[in-house]
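The block underneath contains the structure these notes are about, expressed in structure tokens.
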Amino acid sequence: MPIPTRAELIDHLVRTRIAGAVATPRENNLDHYRKLAAGDRHYWLGLELGDRWTDEQDVLAVMAERCGVSDDLAHRSGQDTIDPELTVDALERMATVLRKAAESRKRVLFATGHPGGLLDVHRATAAALRMTGCEIMVIPGGLTADEGYVFQFADVAVFERGATLWHTHSPAPMAAILDGLAREGRQLPELVVADHGWAGCAAQRGIDAVGYADSNDPALFLAESEGTLQVAVPIDDHVTDPRFYDPMTAYLLGAAGLPTG
């Protein structure tokens, strides 16, 4: 796929609702911010936030700054937004991380809790890094978590239960991978490229990590603001057609100086 210009990508992100007027409603965003601030660990995505984010308005302020949602706490329902300029800015920061990984030929682990949307984004990025000499890590076999199985499909760790790939926010699958590598005496990844609790868990354990996050997943943006996570890219992480992410992936790889096909 041709690499879009920044302006072309922003237009595409808005037209496909990956950014701009996204499908995630305002009330869902605020509900998740409130639950995170109240200490509900489901919304911490494997991170240890302590008592640093107990005010919903503080969470909202970070989300407005890093994701582009409305900063008006009185706006309680209806449309909310992801700023496409912030999306592309974050893609460019992620590209810098990927470029450095390629230059150093790092060990990289890919994982997704959104196999219906982001699996091919991660697969294509893994393939590009492998072509530069990076080691795309193979996870241990027989891993279980959350009453399901953790395995790799197209170089990307995923969670399976009942013969179906699951959407999951849980950090437990990533914890199972990292613990399994340690049991086998293998080296841990030097970089994790993921989303949801997969990224949060890795970052919390001190591994360099970058990830994608929706406007209702504030934990990764808070982690980036604190320096625990290197980059959080704001996107709607499950649009109607996963092929809509292809121009975004091409832009990312192009900005990183990686092969795009």
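Values quoted throughout were computed directly from the atomic coordinates according to the rules given, and no laboratory measurement underlies them. As the structure is a computational prediction, the values presented were derived from the model and not from experiment. We place every Cβ from the backbone using ideal geometry, glycine too, and count neighbours over all the protein chains shown.
The table that follows gives values for the structure above.
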read-out: Overall Cα dimensions of the stretch 133-215 - principal axes, largest extent first, Å; value: 34, 33, 24
read-out: For the chain, radius of gyration divided by Kirkwood radius, i.e. Rg to Rh on alpha-carbons; value: 0.95
read-out: Helix runs (DSSP H) in the chain reaching 20 Å along axis by Cα, Kyte-Doolittle at least 0.0; value: 115-131
read-out: Fully extended contour minus Cα-Cα distance, from Ala127 to Arg6, at 0.36 nm per residue; value: 41.3 nm
read-out: Cα-derived Rg to Rh of the stretch 45-126, Kirkwood definition; value: 1.05
read-out: Inter-label distance, nm, simple model (7 Å from Cα along the C-beta direction), Glu147/Thr260; value: 4.5
read-out: Within a Gaussian network of the chain (alpha carbon springs, distance under 10 Å), most fluctuating of Gly162, Gly227, Gly148; value: Gly162
read-out: Whole-number D in µm² s⁻¹ for the stretch 98-245, Kirkwood Cα-pair radius fed into Stokes-Einstein, 10 °C, 1.306 mPa s; value: 105
read-out: Cα gyration tensor of the stretch 2-155 - equivalent ellipsoid semi-axes, whole Å, descending; value: 30, 23, 15
read-out: In nm, spacing of pseudo-spin labels at Lys35 and Asp89 (7 Å Cα→C-beta vector); value: 2.8
